[in-house]
1. What is the dipole size for the chain, taken about its Cα centre, with +1 at each Lys and Arg Cβ and -1 at each Asp and Glu Cβ, in debye to the nearest 20?
2. When the distances between all Cα atoms of the range 124-184 are binned every 5 Å from zero, what whole-number percent does each bin get?
3. Roughly what % of Cα-Cα distances in the range 100-159 sit above 19 Å, to the whole percent?
4. Calculate, in nm to one decimal, what Gln179 and Ser49 gain on full extension: separation in residues at 0.36 nm each, minus their alpha carbon distance.
5. Over all Cα pairs of the range 111-247, how is the pair count split among 10 Å bins, expressed in % and running from 0 up to the last occupied bin?
6. Can you give the Rg to Rh ratio for the range 4-97, taking only C-alpha atoms and Rh from Kirkwood?
7. Are there any helices in the chain, counted as whole DSSP H runs, that stretch 15 Å or more along their axis by Cα and score at least 1.0 on average by Kyte-Doolittle, and if so which?
8. What's the local net charge at Ser125, with K and R +1, D and E -1, over the other residues with C-beta under 15 Å away?
Amino acid sequence: MSLEQRYWAVVEYDGTDFYGFQLQAEARTVQGEIEKCLERITRRTIRISAAGRTDAGVHATGQVVAFEVTWKHTLADLQRAINANLPTDIVFNELQRVSTPDFHPRFSAISRTYQYHILNQPWPSAVQRRYVYHVDRPLDINLMRQASRLLLGSHDFASFGKPPQGSNTVRQVTEAEWQLRGDGHLIFRITANAFLYRMVRKIVATLVQVGLGTIPFDSIVEILEARDLNSSSPPAPACGLYLVKVIYPENVR
């Protein structure tokens, strides 16, 4: 008889047609589709845990989930079975057995990395419209880079989001940089120990205002010190945001 085992997986999904990651009773979610898939394969109710609960419309290439199933075939067979039964907008890119009993995708993580994609050109893109934020006015990426550096380190980010639980709004940001591709595609990459609700999208929207010349780059300091959600810009659209990487201590998974 096969014993129940715990697995972790790296999951990619197109968030466009999902009402976020977290299970919802009356809406299509990433968690809901994965759990339906696992139930179809195992004929049992399976609950998964995840590194982050992405919002509606947010994508992922590096989401991490964990679950327990009874499976008598190979690991490769399980991954093939899962991908064969998932909808086409979700893929398990990696699947491994958990080696540490107390591993949790969210609570064991030491950092997370998001990317935000902007298309900066006069006209939108029909092909990329579900995956980028279109800004039709020219952006000064050098000013945006200067502003981004002010986010590095440990700060109270209460001006940029709400905590998913508790009241602590202090986060440690270790990476905040912009990359410019020749096709007018800007990519913002940010890494932190954890993020507040809508933190990345509000940061990006505020940095866009810097790039447009609406606010000076060093106003980021004043916004941080204000600790007021109204001091930053409304969130940038969800379609440009991707969860790309979750880092764990060595030998934790």
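Every number in this text was worked out from the coordinates using simple rules, so none of it is lab data. What you are looking at is a predicted structure, and each value in this text was computed from that prediction instead of being measured. Glycine also receives a Cβ, built like all others from the backbone with ideal geometry; neighbour counts cover every protein chain displayed.
1. Values: 28 positive and 25 negative charges, 86 e Å.
That gives a dipole near 420 debye.
2. Going out from 0 Å in 5 Å bins, the range 124-184 shows 3, 13, 17, 17, 16, 16, 12, 5, 1 percent.
3. Working: 1022 of 1770 pairs.
I get 58 percent for the Cα pairs in the range 100-159 exceeding 19 Å.
4. Values: separation 130, 0.36 × 130 = 46.80 nm, distance 3.21 nm.
Length gained between Gln179 and Ser49: 43.6 nm.
5. Per 10 Å bin, starting at zero, the Cα-Cα P(r) for the range 111-247 comes out as 13, 47, 33, 7, 0 percent.
6. Rounded to two decimals, Rg over Rh is 0.93.
7. Working: long enough: 30-42 (18 Å, -0.31); 75-85 (16 Å, -0.09); 199-212 (20 Å, 1.40).
Those that pass (Cα extent of 15 Å or more, hydropathy at least 1.0) are 199-212.
8. Working: positive: Arg129, Arg130, Arg181; negative: Asp136, Asp183.
That works out to +1.
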